[in-house]
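The values are calculated or read from the model by the stated rules, or taken from the named source; none is laboratory data. As the structure is a prediction and not an experimental result, all values here were calculated from the model. Note: ideal-geometry Cβ built from the backbone for every residue, glycine included; neighbour counts use all protein chains shown.
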């Protein structure tokens, strides 16, 4: 099991096999914040790079709707499991749409695959890998040791290895599962978080994953549990590679619901597509494996970057005498015509360096604007398509003006102002137009 310190798509072998990757999705006990969304954003980028490399993709991301915190929320709000989680699921999916994340091929709810999880539990019992204690079922620690490093062993607790929580008999009342499932056997209760993801991987991937991704905080105990369970049950390596994504911080502290130091997409963008684009660019400003700091001031600074991209597209479209044909997610499978934007594409293939891609993109845009008027229409068309692929790789949903129509409307407005002797306003509008 290799942790990816650098993910190199440049050396990826050409293959007809499907590239499978799994992402641990949200636990829907409350609304997701932008720190959560940063993790899903980098997972989205793996998807986009893979498509442009010409791969077929199997992208699985679960939604955990069975959990201790969810039970607590149900009690506080006096709602059923479905009623309590449905709003948070809709909120999460709305946020994914707002950030223009490509939908996974499968997005299963843990609660809909209980039979699969029970089947896994009983197979692990048959393999003598489960201990049956008074309140719950746990993975036996001894056969699990080879999956742990010394730090994991030192800090591990019994609760890190729970696999099935029985419907309570004694003990702390608040710890008893209130959400539980009856079954033909004896272990009435509910699954742990770990067996949920394990069973879904066995159900949907059915072979070694090419890549498994998640935040650094999932490495232990969640991913260690998943690996032990899948490899014990299936007999193959669970995932060939693991990609861990750094946290978003405010004032040097990890953004967290428990600390209430978080922002939601709605807090920052209020439904504005433009601001959602700003946020996408902002969250890409540092490498995936590093923590990054968030401030509203820095976030607002990304507005001008978008204007530069949009302005370039408008000018090229105007030069070609046609409307822009830009559409979001215009990802052409196996695209090769990068031309002027090849260095930007090369950057992102090595270690998902989107910071390098963005820097290279803006350098290229400056060069492009300078010699655009000397180039042929054919060259401009191919360069514009390569620019669209770069923008689609970034996942931006740009607001492109039809500059020809815009120019005509401005000229009519200027003529009207000048004929009515409103020269000051006419000069102001002319200045804005020239610099737009």
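From the set of residues in region 227-239 that are loosely packed, with under 15 Cβ neighbours inside 10 Å and in contact (Cβ under 8 Å) with a residue 24 or more places away in the chain, which is farthest from residue 295 (Cα to Cα)? Checked region 227-239; the qualifying residue farthest from residue 295 (Cα to Cα) is 236. When we screen 87, 68 for residues that are farther than 20 Å from residue 197 by Cα and not assigned by TED's automatic domain parsing to the domain that holds residue 390, the only hit is 87. When 268, 283 are checked against the criterion of being at pLDDT below 95, more than 17 Å from the chain's Cα centre (by Cα), surrounded by 15 or more Cβ atoms within 10 Å (Cβ to Cβ) and within 24 Å of residue 393 (Cα to Cα), 268 stands alone in meeting it. On inspection, residue 32 passes the criterion of being in a loop (DSSP other than H, G, I, E, B), modelled with pLDDT of 90 or more, closer than 21 Å to residue 110 by Cβ and out of contact with any strand residue (DSSP E or B) (no Cβ under 6 Å at 6 or more places or on another chain).
Being surrounded by 14 or more Cβ atoms within 10 Å (Cβ to Cβ), touching a helix residue (DSSP H, G or I) at 6+ places or on another chain (Cβ under 6 Å) and closer than 21 Å to residue 279 by Cβ is a property that residue 384 lacks.
Pick out the one residue from 275, 219, 257 that is free of Cβ contacts under 8 Å to residues at least 24 places away in the same chain and assigned by TED's automatic domain parsing to the domain that holds residue 119. Among 275, 219, 257, only 275 is free of Cβ contacts under 8 Å to residues at least 24 places away in the same chain and assigned by TED's automatic domain parsing to the domain that holds residue 119. Of the candidates 297, 285, 307, the single residue that is closer than 27 Å to residue 349 by Cα and part of a helix (DSSP H, G or I) is 307. If you go through region 35-60 and keep only what is out of contact with any helix residue (DSSP H, G or I) (no Cβ under 8 Å at 6 or more places or on another chain) and part of a helix (DSSP H, G or I), you end up with 35, 36, 39, 42, 43, 44, 46, 47, 50, 51. Taking the numbered list (1) modelled with pLDDT under 85; (2) part of a helix (DSSP H, G or I); (3) closer than 15 Å to residue 308 by Cα in turn, residue 425 passes all entries but (3). Residue 30 falls short on exactly one of the conditions (1) more than 28 Å from residue 274 (Cα to Cα); (2) touching a residue at least 24 places away in the same chain (Cβ under 8 Å); (3) touching a helix residue (DSSP H, G or I) at 6+ places or on another chain (Cβ under 7 Å), and that condition is (1).
Would you check which residues across region 199-216 are within 20 Å of the chain's Cα centre (by Cα) and in contact (Cβ under 8 Å) with a residue 40 or more places away in the chain and list them? 200, 201, 204, 205, 209, 210, 211, 212, 213, 214, 215 - these are the residues of region 199-216 that are within 20 Å of the chain's Cα centre (by Cα) and in contact (Cβ under 8 Å) with a residue 40 or more places away in the chain. Taking the numbered list (1) exposed (fewer than 13 other Cβ atoms within 10 Å of the Cβ); (2) under 19 Å from residue 50 (Cβ atoms) in turn, residue 367 passes all entries but (2).
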